Amino acid sequence: MHDWIVRYWLGAVFSAATGILCWAFHCWRKKRTMQAAIKDGMLALLHDRIYSIYRECARKKYAAVDDIRNLEYLYYPYHTLGGNGTGTELFKRVKSMPTEPPQEQRLL
């Protein structure tokens, strides 16, 4: 009886354990890939919004205080997630813009 258990059941238990481990590794790898894709997508969306704010402020030739606050709200998570230097450069450009419209725009 003991030989029968060792011969058949022990092999079955090890096969099942190997299968479970392979399945768990597959699930872990799939979840990791999905999380990386979500992070990349979030970075792309944040970068797009930062770029849009920069373009709008460059068109107006100034960055209102609300523009800067909104930009900061977007930039810090972007930077924390590992955003590249382009977003940082746009952030710095907007932060260096005047906060009031040029004199000729105020008269209109």
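The values are calculated or read from the model by the stated rules, or taken from the named source; none is laboratory data. Bear in mind that the values here come from a model prediction, so they are computed numbers and not experimental data. With ideal geometry, Cβ positions are generated from the backbone for all residues, glycine too; neighbour counts draw on all protein chains shown.
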Quiz item: What are the residues in region 39-68 that are part of a helix (DSSP H, G or I) and over 20 Å from the mean Cα position of the chain (by Cα), if any?
Solution: R55, E56, C57, A58, R59, K60, V65, D66, D67, I68
Quiz item: Which of the residues spanning region 59-85 are of a type in the set (G, A, S) and without any contact (Cβ under 8 Å) to a residue 12 or more places away in the chain?
Solution: G85
Exercise. Go through T80, T88 for me and flag whichever is surrounded by fewer than 14 Cβ atoms within 10 Å (Cβ to Cβ) and of a type outside the set (K, R).
Key: T80
Exercise. For region 49-57, state whether one or more residues are acidic (D, E) and surrounded by 12 or more Cβ atoms within 10 Å (Cβ to Cβ).
Key: yes
Quiz item: List pairs: first in region 95-107 and modelled with pLDDT of 80 or more and in a loop (DSSP other than H, G, I, E, B), second loosely packed, with under 11 Cβ neighbours inside 10 Å and of a type in the set (F, W, Y), Cβ under 7 Å, 6+ apart or cross-chain?
Solution: none
